[in-house]
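First the structure, in the form of structure tokens, and then the observations on it.
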Amino acid sequence: MLIERTNSQLIVIDMQDKLVQSIPGNEDLCACAMRLVDAASLQHVPISLTEHCSDKIGSTIAPLRSRFTSKQIIQKRHFSACKESSFEHRMHTVSRPQVILCGMEAHVCVLQTALQLQSRGFSTYIVDDATGSQNNTDKNTAFQRAQQEGVRVVSSSMVMFEWLGNADGNEFKSVLELIKNA
């Protein structure tokens with residue numbers, strides 16, 4: 001099953017200041033997430049952002065947060081975003097059956113959100129190179145568990161090329177530049 005831009009949405013989970021600092025390879029993960037958000041915006045794929053306990057963990061890193069409007073940002077207290085009424089409202093408003101997730105941490109908020117979305121009938125994808133945990137064992141175990149439950153693990157390039165679908169036009173050139181600058 002291909003990811004289609006007209007049927008999908010991108011959700012960036014908890015890439016917040018204090019949390020990001022504790023994730024190995026955080027600069028690459030954050031840059032990858034920003035490329036995904038930029039590619040989604042270029043292709044009119046709806047984007048959302050969650051912030052977990054922002055009063056304690058801080059806001060999303062500034063360069064990423066600046067890419068979102070206030071209505072695209074969801075505050076949450078639960079690990080699974082699906083347990084937040086504002087998230088449910090956003091999912092209903094966007095109404096796209098394919099959900100692409102990235103963010104932090106893979107084994108907590110990303111996994112719990114992915115599993116609940118999958119159980120609710122969404123085709124759910126986690127972007128490996130834009131998702132992190134404080135240690136690789138937790139990240140790898142989260143991905144294994146997600147896959148056992150039917151969640152697909154993909155790369156950011158896979159998502160961007162599937163959104164494109166072809167090599168025609170200015171969108172292709174713009175997205176290709178994002179990928180080349182990785």
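What follows is calculated from the coordinates using simple rules that are stated; it is not laboratory data. Computed from a predicted model, the values in this text were never measured in an experiment. For neighbour counting, all protein chains shown are included, and Cβ atoms are generated from backbone atoms with ideal geometry for every residue, glycine included.
Among all the lysines, which ones have a C-alpha under 24 Å from residue 56's C-alpha, if same-chain residues fewer than 8 places away are not counted?
The reachable lysines, counting only those whose Cα sits under 24 Å from residue 56, are 18, 71, 76, 83, 139.
Within a 10 angstrom radius of the beta carbon, how do 162, 105, 27 rank from fewest other beta carbons to most?
Listing 162, 105, 27 from fewest to most nearby Cβ atoms yields 27, 162, 105.
Return 174, 66 ranked ascending by Cβ neighbour count within 10 Å, so the fewest neighbours appear first.
Ranked by crowding around the Cβ, least crowded first: 66, 174.
Which of the peptides 44-55, 144-155 is most tightly packed, and how do the rest follow, judged by the mean count of other Cβ atoms within 10 Å per residue?
In decreasing order of mean packing, 44-55, 144-155 become 44-55, 144-155.
Only four residue types carry charge here, +1 at the Cβ of Lys and Arg and -1 at the Cβ of Asp and Glu. Report the dipole size of the chain about the Cα centre in Debye, rounded to the nearest 20.
Dipole size: approximately 400 debye.
So what is the 222 nm mean residue ellipticity for the chain from helices alone, if each DSSP H run of at least 4 adds -39500 (n - 2.57) and you divide by all residues, rounding to the nearest 500 deg cm²/dmol?
Value at 222 nm, helices only: -13000 deg cm²/dmol.
Which of these values of Rg/Rh (Cα atoms, Kirkwood Rh) was calculated from the structure shown: [x] 0.95; [y] 1.03; [z] 0.93?
It is the one labelled [z].
Hey, in the GNM for the chain with a 10 angstrom Cα cutoff, which one of 170, 26, 140 fluctuates hardest?
170
With r as the distance between the Cβ atoms of residue 69 and residue 180 and R0 = 25 Å, compute the FRET efficiency 1/(1 + (r/R0)^6) and round to 0.05.
So, using R0 = 25 Å, E works out to roughly 0.35.
With r defined as the distance between the Cβ atoms of residue 168 and residue 92 and R0 fixed at 35 Å, what FRET efficiency is calculated, to the nearest 0.05?
The computed FRET efficiency comes out at 0.60.
Among 1, 160, what is the fewest-to-most ranking by other Cβ atoms within 10 Å?
Fewest-to-most Cβ neighbours within 10 Å comes out as 1, 160.
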